[in-house]
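Colleague: Take a look at this one; I'll ask things after.
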Number of protein chains: 4
Amino acid sequence: MTESKHSPGRHFLQIPGPSNVPDRILRAMAAPVVDHRGPEFPKLTHRVQEKLAAVFKTSQPVIIYPASGTGGWESALLNTLSPGDKVLAFETGHFATLWKNVAEKLGLEVDFVPGDWRHGIDSKTVRKELDADPNGEIKAVLAVHTETSTGINSGISAIREAIDSVLHPALFMVDAVSSLACSDYRHDEWKVDVTVSASQKGLMLPPGLAFNAVSDKAIETSKKSTAKHSYWRWDEMLTNNARGYFPYTPGTNLLYGLDEALNMLNEEGLDNVIARHARHAQATRIAVDAWGLENLCLNENEYSNSTTAVMMPDGFDADELRLKIFERFNMSLGMGLGKVKGSVFRIGHIGDFNDLMLAGTLSGVEMGLSIAGVPHNKGGVQAALEYLAK
Amino acid sequence: MTESKHSPGRHFLQIPGPSNVPDRILRAMAAPVVDHRGPEFPKLTHRVQEKLAAVFKTSQPVIIYPASGTGGWESALLNTLSPGDKVLAFETGHFATLWKNVAEKLGLEVDFVPGDWRHGIDSKTVRKELDADPNGEIKAVLAVHTETSTGINSGISAIREAIDSVLHPALFMVDAVSSLACSDYRHDEWKVDVTVSASQKGLMLPPGLAFNAVSDKAIETSKKSTAKHSYWRWDEMLTNNARGYFPYTPGTNLLYGLDEALNMLNEEGLDNVIARHARHAQATRIAVDAWGLENLCLNENEYSNSTTAVMMPDGFDADELRLKIFERFNMSLGMGLGKVKGSVFRIGHIGDFNDLMLAGTLSGVEMGLSIAGVPHNKGGVQAALEYLAK
Amino acid sequence: MTESKHSPGRHFLQIPGPSNVPDRILRAMAAPVVDHRGPEFPKLTHRVQEKLAAVFKTSQPVIIYPASGTGGWESALLNTLSPGDKVLAFETGHFATLWKNVAEKLGLEVDFVPGDWRHGIDSKTVRKELDADPNGEIKAVLAVHTETSTGINSGISAIREAIDSVLHPALFMVDAVSSLACSDYRHDEWKVDVTVSASQKGLMLPPGLAFNAVSDKAIETSKKSTAKHSYWRWDEMLTNNARGYFPYTPGTNLLYGLDEALNMLNEEGLDNVIARHARHAQATRIAVDAWGLENLCLNENEYSNSTTAVMMPDGFDADELRLKIFERFNMSLGMGLGKVKGSVFRIGHIGDFNDLMLAGTLSGVEMGLSIAGVPHNKGGVQAALEYLAK
Amino acid sequence: MTESKHSPGRHFLQIPGPSNVPDRILRAMAAPVVDHRGPEFPKLTHRVQEKLAAVFKTSQPVIIYPASGTGGWESALLNTLSPGDKVLAFETGHFATLWKNVAEKLGLEVDFVPGDWRHGIDSKTVRKELDADPNGEIKAVLAVHTETSTGINSGISAIREAIDSVLHPALFMVDAVSSLACSDYRHDEWKVDVTVSASQKGLMLPPGLAFNAVSDKAIETSKKSTAKHSYWRWDEMLTNNARGYFPYTPGTNLLYGLDEALNMLNEEGLDNVIARHARHAQATRIAVDAWGLENLCLNENEYSNSTTAVMMPDGFDADELRLKIFERFNMSLGMGLGKVKGSVFRIGHIGDFNDLMLAGTLSGVEMGLSIAGVPHNKGGVQAALEYLAK
């Protein structure tokens, strides 16, 4: 955004995505556009696809759309299902609800298991629901790995086991938008049929790319879909990608950025990246505990590595706090979405991040609580630092 | 693309889009990502939308998708039509054919008037077709303003008159992807219901944004569509845009670039921009004539301002010429697409361009013809320079 | 530096200069080089000079050299003095000593008043020294405003008064390298004859520009200098600058950056910029006190706004601490220079900086002290946050 | 420069330096500043120095100053000579005259052999002058390799032979500012004692770095110099550089750019780079001949690879032509300097350049001649293209 007035220092973009884009990626994206039908382009396509697949832990194709992540939900459903098909989904939060809404708009029938927004998906429920579907009317199980609105992870591996335990043939589709390159994720090992993700979170890019990692089973199933669509078609993508091209103009400069982002992940090491996210999430929770505030997530096995949703004490508005912090400390925190609007704020600790940026972030929250008069104990930052310095 | 080897000097990206992105825009796009739900974002949204509408010459909304231009075709059709609806379209070239294909994939019935790829749409044919549809079964007329694959314009104003002359109620949808900010275009005056465009042509941006300028009639019609879709929904876009936001994460950094591109168009003046394109197109045709080569466009009233498609002499392959020019002169020319693959090459003179860049471009073509042994007369560049120096 | 391995997150460059360069300035510097003898160049020169003079609070010329700040010392001396001339200088720290060394290399005789590196210049000493020079053999008084190596300011206004009190004719030369745009500085009001400064501190630029703000008296004096030099000549600079040009190729892209930096200072307001620096310096000292560590500066009226030099407890090496912090927390702190090497580390809080960056910086120091086993009390960050949140 | 109004397309910066800086270098320069005293910095210093020495074809040190190229002249003289020393120099053009002026300002006695600005240095004259100095009073021979103001090269190898033929002990200093990485240059083989160069020509960088490649003999001699100076001291540079550091803050971001520029030269291959310059110079001369204009250079063995100085027909002003071309075609040509002001314009074909950029450049000149009414034959561009297409 053309700056109309200088706010000193760097903005702290601590929403749970888009994450802070490293300058190195912004510089890579500033390279000149080239001919996407030219003889050099396939090198870029193939290089990016190979490195990207490694992040999904898959040997199967990853389709790259010039689109926001939301498009990845739609493409997963349109390619594999047909209007009237039934899918099983779980109300883990705002984004699970939005994906459900997309499914309904596409003419699918959604069995939407209600949730309290404070837990991930219970794999026993998955098993029970599928067990009650002996004829296989449920064509797909939809799960959000990291629910960005709540900072809660669902156990993808356990859901896979639940599906397998009843030998149910449904496709398994996972939203890994906020977990990819933040939490452990294994497309192939967990036999996920479609993994949906996007550029602006753990991949450290600006928004504008959506991904579908697809399984052979998903591809096979896609051949029978009767849904009417064009932009999202896997078949044309797969055919063109095999030669290093795209069926329509790709997001060239975001691909440059993706190429560089994947280099950076490889330099740090994917395991190190994930361990770093886990450590920062833990430090954040330590601060939240020290402040005497409540984490929206009730199950300690389901903490997200990417974001922590903090509940406001009764009578205090999260958005007022966020605005004060924005104006006074040049930091953006995530708003409460949907059912938790105003009662929750979210701290993003995702993407290109380090200990001192986290310390600055938590300092901004602690000072903000103080300035906004939100009841809390001091010492959250201090407690986090003690953890980080170990 | 991470450069693996330096080719000296700037690449000449003389395909008919993506066009050469000015450094000033690339720098604007390198600004840090901000919170698209934050308090400052609406200023950017509103500023961009206001300036963008002026380029479409409309006072109606222009919807901005994080998508390739192809998505703009799909959104135009999905929002306004329902599966089984009939549309009238014209085979003016490769992109008209692709748009027809999209329509068919979406379940529409397309009355596709055949063409020879050397003429624009004949408005008399439009009139005749609509006259033969007294019950208004044709729900939409689809026209490509500048057919990028042939360098041929269709007369949008004349088509509008043809529609009106028979009082036909069909929606009028125009692909202005390669004409916006290159040729005279008037969304409101010509009563276009949906204008489809994209970022990577006259708007001088990298690919990644698709546009739909929409009329009240189109919006009204959209309320009755039964097509199943979500990403492309105008209703949610319009509601959110009114407040300066988007229903899902927008392409933040491309919006920065768009903001700057629109400033640049305004600094030069839209009329001057279009006159510049017309002048460069004319100079290019003068060179082509001097070379003794044939323009694919047969009707001099239908020359495009953006691109010139040049026919190869019999027995010579356009792609061999293009590859030689790419390797020897670091210039990308447009390939012949579809029916004209190999028999045509295209010179893009579109976007951020000036006389000396055009002189370099035409020089590369003339030298390439010589190196590739393509029969031609020398002096094309010379003739163009004489025109440009007038 | 081409990154060979990605360290996650942003580097904290908390040395007392070069300071963290805002991306906005780096982008401005990436604009194409233009002809420095072309018709547009004078606009840039004049715009920059006018805004730059306002930062020095002068209506007299400010000369801009393509050089490191060190060159500004040399140019001040060479232009105004002649070999064998006597100057009065004060050992306030490492940079005062270096400037003295430069003077000696240039053939000047330096009366260098010893100091303990823990105090600024005592104006009473200035008076005494000048009073003992009734024949005006001292041709110039040299003072460093902010001694970067110690974080200690000298009272420039008081020194001016001391000079005036004895009616001594010596030129008054001030090094404001680390104070300009950080501390209150008034070239005209304090009747400074030459103010030396540089780009990479409060002006937020990369290194590469040196400045001499000059008085009429200095210019007059320069006409009589017999020193042999060429690059640094004011006369050719002043003549060329008046027309918007330079006697040799200027540092074009750093001038672009300077133009933008000055815009940013104006947007924030110079007084606000200085108040911000003062506030961050105070917060830093509060943290240092809370840690139980000693500030090198003994006089609370002489604290620098730009940097705080912290003394290590006996038996602990500052450079070991700095290296641990660099490796573990991706932060660079300033080393102890000269006499205080190893016994002092310096925290830079200078340039484009904000509360959360400072909180991150202090957090890195506090964690580093802990990791390095340096005896200290916890709670420095906490104390600083309480101050900042007031 | 902040653009106040958009001129479409890229500016053609066809002065003989600064040359067009490739975007890749501008992006490299936009990396964050790092601590020049930090543990990582020596890697950058050593990497750059090693690659830079290869361009000078030397195994001896190359000193890098944060300064304009002019500073490199001064440093060469100050380090090796003492006031009153005699040097031999040759009036080959404006820059040779400026270097002579610098020498005089530094207190040297210059034996300045007059010239007509249309020839390089005659090695027979060198021999004669030195032969007439049996006592070795001449301490240094100064030669400009490519005289930027005239586009004329002097034969450095022949001058070396002339010096050797009379066994004269003078140091040999060469200005290779406009020849380095453009023409064949061999610091070691030609036993040059100091080669002066700068960043903004064949090295494709913005201005701001000056170089001195030095011989052992020059270093030895420098120990006896009595000149008074500090900034330019080789001794401190050499001592610090050996450890990867600099005696004062270096031009960090220009060093990033230099690192990248040297990578680019290596990717293309230095011999290829020089051959490319030779070819473009030849094509330019072919165009000038075809126009019927006269090259300032009278000796065909002395044509510069970097720039061509074109004489105006009597009664026509070069600066009027240049201004017309600037305003109409967005191209900067070099002005006539000193004695040839107004009667000569210069075409720079230097740095990051390719055939189509040259074609655009020559087209701009040819059209400009036509618009300005300068008598000439058409067909210069055409003739150049025929040569380039061979």
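Colleague: Yes or no: B:A181 on the phi > 0 side of the Ramachandran plot and open to solvent by less than 10 Å² (accessible area, probe 1.4 Å)?
Modeller: Considered against the rule, which asks whether it is on the phi > 0 side of the Ramachandran plot and open to solvent by less than 10 Å² (accessible area, probe 1.4 Å), B:A181 comes out as yes.
Colleague: So which of B:N240, B:N272 ends up being over 30 Å from A:L108 (Cβ atoms), at pLDDT 95 or above and not in a loop (DSSP other than H, G, I, E, B)?
Modeller: B:N272
Colleague: Further, regarding this structure: Could you count how many residues in the range A:299-312 are in contact (Cβ under 8 Å) with a residue 24 or more places away in the chain and either surrounded by fewer than 24 Cβ atoms within 10 Å (Cβ to Cβ) or assigned to a loop (DSSP other than H, G, I, E, B) (or both)?
Modeller: The number of residues fulfilling the criteria is 9.
Colleague: Okay, next question. May I ask you to list the residues in the range C:228-247 that are open to solvent by less than 20 Å² (accessible area, probe 1.4 Å) and either touching a strand residue (DSSP E or B) at 6+ places or on another chain (Cβ under 9 Å) or free of Cβ contacts under 8 Å to residues at least 40 places away in the same chain (or both)?
Modeller: C:S230, C:Y231, C:W232, C:W234, C:M237, C:N241
Colleague: Here is a check on your reading of the model: is A:S222 more than 14 Å from every other protein chain (Cβ to nearest Cβ), touching a residue at least 60 places away in the same chain (Cβ under 8 Å) and surrounded by 17 or more Cβ atoms within 10 Å (Cβ to Cβ)?
Modeller: Here the answer is no, as A:S222 does not meet what is asked.
Colleague: Out of the residues in the range C:238-260 meeting the condition of being within 12 Å of chain D (Cβ to nearest Cβ) and of a type in the set (A, V, I, L, M, F, W, C), tell me which one is nearest to D:W99 (Cα to Cα).
Modeller: C:F246
Colleague: Another question, then. From the list C:G315, C:G292, C:G336, C:G348, which one is modelled with pLDDT of 95 or more and in contact with an Asp or Glu (Cβ under 8 Å, 6 or more places away or on another chain)?
Modeller: Details: C:G315 fails: in contact with an Asp or Glu (Cβ under 8 Å, 6 or more places away or on another chain); C:G292 fails: in contact with an Asp or Glu (Cβ under 8 Å, 6 or more places away or on another chain); C:G348 fails: in contact with an Asp or Glu (Cβ under 8 Å, 6 or more places away or on another chain).
Going through C:G315, C:G292, C:G336, C:G348 in turn, just one is modelled with pLDDT of 95 or more and in contact with an Asp or Glu (Cβ under 8 Å, 6 or more places away or on another chain): C:G336.
Colleague: Another one. Return yes or no: is B:D259 assigned to a helix (DSSP H, G or I) and open to solvent by less than 10 Å² (accessible area, probe 1.4 Å)?
Modeller: yes
Colleague: All but one of (1) within 13 Å of chain B (Cβ to nearest Cβ); (2) closer than 22 Å to A:T97 by Cα hold for A:S183; state the number of the condition that does not hold.
Modeller: Failed condition: (1).
Colleague: Can you tell me how many residues within the range A:47-76 are within 9 Å of another protein chain (Cβ to nearest Cβ) and either under 16 Å from A:L209 (Cα atoms) or crowded, with 22+ Cβ neighbours inside 10 Å (or both)?
Modeller: Summing the residues that are within 9 Å of another protein chain (Cβ to nearest Cβ) and either under 16 Å from A:L209 (Cα atoms) or crowded, with 22+ Cβ neighbours inside 10 Å (or both) in the range A:47-76 gives 10.
Colleague: Follow-up. Picking from C:S19, C:S7, which residue would you name as being modelled with pLDDT under 95 and within 14 Å of chain A (Cβ to nearest Cβ)?
Modeller: Only one candidate passes the filter, namely C:S7.
Colleague: Name the one entry in A:G69, A:G84, A:G136, A:G107 that is of a type outside the set (A, V, I, L, M) and touching an Asp or Glu at 6+ places or on another chain (Cβ under 7 Å).
Modeller: A:G84
Colleague: For the range D:119-141, name all the residues that are in contact with a strand residue (DSSP E or B) (Cβ under 7 Å, 6 or more places away or on another chain), farther than 24 Å from D:V214 by Cβ and either without any contact (Cβ under 8 Å) to a residue 40 or more places away in the chain or basic (K, R) (or both).
Modeller: Result: D:T125, single match.
Colleague: Report the residue count in the range D:202-218 for those that are touching a residue at least 60 places away in the same chain (Cβ under 8 Å) and more than 13 Å from the chain's Cα centre (by Cα).
Modeller: 7
Colleague: Hand me the list of helices (runs of 4 or more DSSP H) wholly inside the range C:94-177 holding 1 or more residues that are farther than 20 Å from C:V196 by Cβ.
Modeller: Correct list: C:123-131, C:156-165.
Listed here are the residues, each with its yes/no results for (1) within 7 Å of another protein chain (Cβ to nearest Cβ); (2) among the aliphatic types (A, V, I, L, M).
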{"residue": "C:R322", "(1), (2)": "no, no"}
{"residue": "C:F326", "(1), (2)": "yes, no"}
{"residue": "C:F329", "(1), (2)": "yes, no"}
{"residue": "C:M335", "(1), (2)": "yes, yes"}
{"residue": "C:H349", "(1), (2)": "no, no"}
{"residue": "C:F353", "(1), (2)": "yes, no"}
{"residue": "C:P375", "(1), (2)": "no, no"}
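Colleague: What residue, of D:N295, D:N301, is out of contact with any strand residue (DSSP E or B) (no Cβ under 7 Å at 6 or more places or on another chain) and more than 13 Å from chain B (Cβ to nearest Cβ)?
Modeller: D:N301
Colleague: Inspect the range B:313-332 for any residue being in contact (Cβ under 8 Å) with a residue 12 or more places away in the chain, in a strand (DSSP E or B) and touching a helix residue (DSSP H, G or I) at 6+ places or on another chain (Cβ under 8 Å) and give the result as yes or no.
Modeller: yes
Colleague: Oh, and also: Working carefully through the options D:L81, D:L108, D:L98, find the one that is in the same structural domain as D:I159 (by TED's automatic domain parsing) and open to solvent by less than 10 Å² (accessible area, probe 1.4 Å).
Modeller: Just one listed residue meets the conditions, D:L81.
Colleague: Moving on. Step by step: first the residues of the range A:377-390, then only those that are facing another protein chain (nearest Cβ under 7 Å) and part of a helix (DSSP H, G or I), then the one that is most open to solvent (accessible area, probe 1.4 Å). Which residue is that?
Modeller: A:Q382
Colleague: Considering only the range B:198-219, state which residues are among the hydroxyl-bearing types (S, T, Y) and either buried (at least 24 other Cβ atoms within 10 Å of the Cβ) or within 14 Å of chain A (Cβ to nearest Cβ) (or both).
Modeller: Answer for the range B:198-219, where residues must be among the hydroxyl-bearing types (S, T, Y) and either buried (at least 24 other Cβ atoms within 10 Å of the Cβ) or within 14 Å of chain A (Cβ to nearest Cβ) (or both): just B:S199.
Colleague: Is there a residue in the range C:147-156 that is away from chain D (no Cβ under 14 Å), surrounded by fewer than 24 Cβ atoms within 10 Å (Cβ to Cβ) and not aliphatic (A, V, I, L, M)?
Modeller: yes
Colleague: Considering A:A132, A:A143, A:A170, which residue is under 14 Å from the mean Cα position of the chain (by Cα), of a type in the set (G, A, S) and away from every other protein chain (no Cβ under 14 Å)?
Modeller: Details: A:A132 fails: under 14 Å from the mean Cα position of the chain (by Cα); A:A170 fails: under 14 Å from the mean Cα position of the chain (by Cα).
Criteria check complete, one pass: A:A143.
Colleague: Out of the residues in the range D:278-292 meeting the condition of being open to solvent by less than 10 Å² (accessible area, probe 1.4 Å) and out of contact with any helix residue (DSSP H, G or I) (no Cβ under 6 Å at 6 or more places or on another chain), tell me which one is nearest to D:T307 (Cα to Cα).
Modeller: Per the stated criteria, the residue is D:A281.
Colleague: Those residues that are closer than 18 Å to D:N330 by Cβ and not small (G, A, S), I need them from the range D:17-43; list them, please.
Modeller: Residues satisfying the conditions are D:P18, D:N20, D:V21, D:D23.
The values are calculated or read from the model by the stated rules, or taken from the named source; none is laboratory data. Predicted model, so just to flag it, every value in this text is computed and none were measured. Backbone-built Cβ (ideal geometry, glycine too); neighbour counts: all protein chains shown. Quick note on the areas: whole protein, heavy atoms, side chains included, nothing else; ligands and nucleic acids left out. Shrake-Rupley method; radii C 1.70, N 1.55, O 1.52, S 1.80 Å.
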